[in-house]
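The structure appears below as structure tokens.
All of the numbers you see were taken from the coordinates with simple rules; none came from a lab. Owing to the predicted nature of the structure, the values given are computational and were not obtained by experimental measurement. Neighbour counts run over all protein chains shown; Cβ positions are idealised from the backbone, glycine included.
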Amino acid sequence: MPQETILIVEDEAQIRKFLRISLEAHHYAVCEARLGEEGLALCAARPPDLIILDLGLPDLDGQQFIARLREWSPVPIIVLSVRADETDKVAALDAGANDYVTKPFGISELMARIRVVLRDARQPSASQRLFESQGLRVDLSQREVTIDDRPIHLTKKEYELLRLLIAAPGQVLTHQQILRTVWGPAQQEETHYLRVLVGQLRNKLGDDPAHPRFIITVQGVGYRLALPIALDDNVQGSDAN
Amino acid sequence: MPIVIDNSSPDHPFTRKPMAYAEAILIVLVSASLAFLLHRLMPHANLSLLFLTGVLIISARTGLGPSLVASVLSFLTFNFFFTPPFYTFDVADDGDVATLIFFLLMAAITGKLAARMHQEMLKRRLSLQRISNLYEFSRRMSSATDTEAVLDTLVDHFAHALDCPVAVYLPDSQGVATPRAGTALFAAPPAIDMTQAWVEGRSDPVTHGPWQLLPLIADREPVGLLAVHSEELEDEQLQLSRSLCDQAAIALHRTQLVADLEQARLVSETEQLRSALLSSVSHDLRTPLASIIGSTTSLLEYGDSFSSENRIELLKTVVEEAQRLDRHIQNLLDMTRLGQGTLSLRRDWVDLHDIVASAVERMRDPLEGWPLSIDIAADVPLLWVHGVLIEQALVNLLDNALRFSPADGRILLGAAYADGQVEIRLCDQGPGIPPGEREKIFDMFYTARQGDRGNRQGTGLGLAIVRGMIMAHGGSVTAGDGPDGHGTCMCIRLPVGQPEPGE
């Protein structure tokens, strides 16, 4: 497998330093940019496989960076943001970011996000016929769902929601993104439809909402499908906990 | 009750009421009729007593004028009908002349006396009325709690008493006269020089156009100005006005003192909060920093000689302490937002299960070692809330429960739905909270004020934030006994809000 390149766009030198050390230890090639414009130029010159983007840059607003990049490049973006406001994260995700990590974060959390996003970029889940994780098996060609080999019946909307989550496993989907796809653009403010549907789907999947196995709530932002255990295969000692 | 000042002077001897004179004539007619009936039975000299009685009645009832009229009429009638020669005004007997003169004299004297007594009574009644009005005024003044009430009472009273427009001026922060209350502010005099009015107005009211300016002075300190729309005030009105003004000034002075005291109390409370915040910041932010700096410098300097377990132990300390620092900062930020009132709710439909799951997930590391059971009733509906804030409230409650739980103490998180409210209960097996402290623990910095309690560090912000966030949602949070009387149950009640629309 060729070495994958990660571009870090972050104005804090300390954060760039520990990211570089950890990422290089995980055999990624790392390039750094301190400013947004610098980062965009680097992307154009040598397109990376993934961008880690700080939302609070001195020159460019994070949302602007994403919007400008998305005009010509689908390269995956993981956003770093401070906790202050979940609306920033939602805006970044809606603008085209693939996932986010809240500062301060543990390196294992970031590594897990990076692996999920890179794996999806390498072999898009959307093109797969079969999805399997923790006893859940979804045959996308036959529209068949089984839990521990026990077939379960889903309504059209429940299946749509599950399919959407499977298409980007481990990545967060905002409420609006789900509502737009499952119900259509006219209904993208009707979050209670979504809450009810998620409740029903969890119920059918035998998911305990207080300790969800499959559908994880990202408070104020959206939902993500739980990270399949198989993804952790290349975890290395230092960030195992 | 308003004071009515009678403009007709009370010592005027001749009343102008025509009814009194008619009464005088009538009583003479009655006396004459009685005299006709009785004149055969008694000596004619004694008949004069009849007329005298009539004159006395008149003078007692009215004033000097009618009683003089009555006595002259009585004299003439008596003379004409009852002294020989009858039916003339001539007098035959000298004794009769003397009787008549005495008669007239006595009528005049008693009439005068009675009239004076009558006027005295009127005066008394008037001054009694005035005293009781003044008493009523001072009662209202002393019970007035704020400046507005004092001014309203003053204006109301003055307007009725003098029956003319009045206005009250108080100095604003720059000392410029500002109209604050009045019956006719539209016609208020423009640009009043307060200082000048205060200096000149001490002896006599200052005339300013059609307005008379009276200073309001309390404790030799001018506090305001009263403008009366009147060409000139009579002595009595002026006297009354001054006493009203004095009382109003004292009341104004008092309400201003009360306001100043309240302000001072607020300032000192803010001061206390600020110093508590500072000590909280310095203590609660520095403690984890001390651990972090200590651990990392140890690793840097002597790391090579440490066993790998010890190195990991120290590194774990750094992570835990840094996370604690992060929680403190989050609390301070939340408190600032709550305190500034800039907390804007972004309500959305949220499943309570999701909130609980996120809160528990965020507290996963601290919760390790404490058995937590979660029991959310199936009928708990979706909540119309700002999910992140409710999650933060639950995190703070969990944090608080952990801080006071004994090792292996069970923690119960339950939720139920009843009467349009969702009740979330978090029970621990800690030492419990004495009933007297159950409200105080929600005050800012309450635990901080109690000083250090061993390892139970707390900023004293956590529960204040919980209450702030829950109250912003129209809910309530209270502390109560644990399930078996042991420990504590924190109880959040949230209104469910909009009914859930069908899918």
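What are the trypsin sites (Lys or Arg not before Pro) within segment A:68-106 that DSSP puts in a loop, where the Cβ has at most 16 other Cβ atoms within 10 Å?
When the trypsin sites (Lys or Arg not before Pro) of segment A:68-106 are filtered for loop state and at most 16 Cβ neighbours within 10 Å, A:ARG83 remain.
Hey, which aspartates and glutamates would be in cross-link range of A:LYS204, C-alpha to C-alpha under 15 Å, not counting anything within fewer than 8 residues on its own chain?
Within reach: A:GLU144, A:ASP148, A:ASP149, A:GLU158, A:GLU160.
First select every other residue whose beta carbon is under 10 angstrom from the beta carbon of B:TYR417; then total the charges, Lys and Arg +1, Asp and Glu -1. Kindly include the intermediate steps, with their values, before the conclusion.
Numbers: positive: none; negative: B:ASP379, B:ASP419, B:GLU423.
Computed value for this residue: -3.
Which residue fluctuates the most in chain A, going by a Gaussian network model with Cα springs under 10 Å, if the choices are A:GLY106, A:GLY222, A:GLY62?
A:GLY106
Setting aside same-chain residues fewer than 8 positions from B:LYS123, which lysines have a Cα under 24 Å from its Cα?
B:LYS17, B:LYS112
Assign unit charges at the C-beta atoms only (+1 for Lys and Arg, -1 for Asp and Glu), then state the dipole size of segment A:5-122 relative to its Cα centre in Debye, rounded to the nearest 20. Numbers along the way, then the final one.
Details: 14 positive and 19 negative charges, 96 e Å.
Here the size comes out at about 460 debye.
With an 8 Å cut-off on Cα pairs and a minimum separation of 6 or more residues, tell me the relative contact order of segment A:5-122 in percent.
Numbers: 175 pairs, mean separation 26.1, N = 118.
Contact order relative to length: 22 percent.
Averaged across A:200-210, how many Cβ atoms of other chains sit within 10 Å of each residue's Cβ atom? Display every interim value, and only then the final one.
On the way: counts 1, 0, 3, 0, 0, 0, 0, 1, 3, 8, 15.
Rounded to a whole number, the mean comes out at 3.
What does the average come to when, for each residue of peptide A:186-192, you count the partner chain Cβ atoms lying within 10 Å of its Cβ?
On the way: counts 0, 0, 0, 1, 3, 5, 11.
Going residue by residue through A:186-192 and averaging, the value is 3.
Using DSSP to call loops (not H, G, I, E or B), can you name the GluC sites (Glu not before Pro) in segment A:32-115 whose Cβ has at most 10 other Cβ atoms within 10 angstrom? List each step's numbers first, then the result.
Details: sites: A:GLU32, A:GLU37, A:GLU38, A:GLU71, A:GLU86, A:GLU109; in loops: A:GLU71.
Qualifying residues, ordered by number: A:GLU71.
Of B:LEU76, B:LEU314, A:LEU53, which is farthest on the positive side of the dipole of the protein assembly as shown, counting Cα position, with +1 on Lys and Arg Cβ, -1 on Asp and Glu Cβ, and the Cα centre as origin?
So the residue furthest toward the plus end is B:LEU76.
Between A:GLN176, A:GLN134, A:GLN219, which gets the highest mean-square fluctuation from a Gaussian network model of chain A, Cα cutoff 10 Å?
Sorting by GNM fluctuation, first place goes to A:GLN219.
Hey, got the average number of other protein chain Cβ atoms within 10 angstrom for residues in A:110-121?
Values: counts 0, 0, 0, 0, 0, 0, 0, 0, 0, 0, 0, 0.
Counting other chains' Cβ atoms within 10 Å and averaging over A:110-121 gives 0.
With springs only between Cα atoms under 10 Å, which of A:ASP208, A:ASP54, A:ASP88 fluctuates most in a Gaussian network model of chain A?
A:ASP208
Hey, how many Å between the Cα centroid of segment A:99-157 and the Cα centroid of segment A:169-194?
17 Å
For chain B, what relative contact order do you get, as a whole percent, if you take Cα pairs closer than 8 Å and at least 6 residues apart?
Numbers: 699 pairs, mean separation 42.2, N = 503.
Once normalised by length, the contact order is 8 percent.
Going by the alpha-carbon gyration tensor, a ≥ b ≥ c the square roots of its eigenvalues, is segment A:1-46 rounded (a/c under 1.5) or, if a/c is not under 1.5, prolate (a/b greater than b/c) versus oblate?
Numbers: a/c = 4.39, a/b = 1.17, b/c = 3.76.
Oblate.
Which net charge results for the neighbourhood of A:GLY206, defined as the other residues with beta-carbon distances under 15 angstrom from its beta-carbon, given Lys and Arg at +1 and Asp and Glu at -1? Before the final figure, lay out the partial values.
On the way: positive: A:ARG137, A:ARG150, A:ARG202, A:LYS204, A:ARG213; negative: A:ASP148, A:ASP149, A:GLU158, A:ASP207, A:ASP208.
It works out to a net charge of 0.
Quick check on packing: order B:288-299, B:239-250 by the mean number of other C-beta atoms within 10 Å, highest mean leading. Each step should come with its number before you reach the end.
Values: B:288-299: 15.3, B:239-250: 19.9.
Averaged packing, sorted descending, gives the order B:239-250, B:288-299.
With a ≥ b ≥ c the root eigenvalues of the C-alpha gyration tensor of segment B:144-261, is it rounded (a/c under 1.5), prolate (a/b larger than b/c) or oblate? Intermediate values should be presented prior to the final figure.
Details: a/c = 1.42, a/b = 1.31, b/c = 1.08.
The shape class here is rounded.
Calculate one ³J(HN,Hα) per residue across segment B:283-294 by plugging θ = phi - 60° into the Karplus curve 6.51 cos²θ - 1.76 cosθ + 1.60, and present them in order as whole Hz with x for glycine and proline.
With the stated coefficients, segment B:283-294 comes to 6, 7, 8, 7, 4, x, 5, 4, 5, 5, 5, x Hz.
What is the order of B:PHE82, B:PHE158, fewest Cβ neighbours within 10 Å to most? Walk me through the numbers before you get to the answer.
Values: B:PHE82 19, B:PHE158 28.
Final ranking by Cβ density, sparse to dense: B:PHE82, B:PHE158.
Hey, got the dipole for segment B:348-495? About the Cα centre, +1 on K and R Cβ, -1 on D and E Cβ, debye to the nearest 20? Display every interim value, and only then the final one.
Values: 12 positive and 20 negative charges, 109 e Å.
It works out to roughly 520 debye.
Based on the alpha-carbon gyration tensor of the protein assembly as shown and its eigenvalue square roots a ≥ b ≥ c, which shape applies: rounded if a/c is under 1.5, prolate if not and a/b is larger than b/c, or oblate?
Working: a/c = 3.73, a/b = 3.27, b/c = 1.14.
The shape class here is prolate.
Given H placed on each backbone N at 1.01 Å, which residues far from A:ILE215 in sequence or on other chains put an amide H within less than 5 Å of it?
Here A:ALA226 satisfy the definition.
Take B:TYR87, B:TYR302 and order them by how many other Cβ atoms sit within 10 Å, fewest up front. All intermediate terms of the calculation are to be shown ahead of the outcome.
Working: B:TYR87 8, B:TYR302 11.
The order, fewest Cβ neighbours first, is B:TYR87, B:TYR302.
List the lysines whose alpha-carbon lies under 24 Å from that of A:LYS103, not counting same-chain residues fewer than 8 positions away?
Cross-link targets: A:LYS17, A:LYS89, B:LYS316.
Where the centre of each part is set by its Cα atoms, how far does segment B:326-386 sit from segment B:402-450, in angstrom?
15 Å
Calculated FRET efficiency, B:SER127 and B:ALA290, Cβ-Cβ r, R0 56 Å, to nearest 0.05? Working shown, then result.
Numbers: r = 81 Å, r/R0 = 1.44.
My answer for the efficiency is 0.10.
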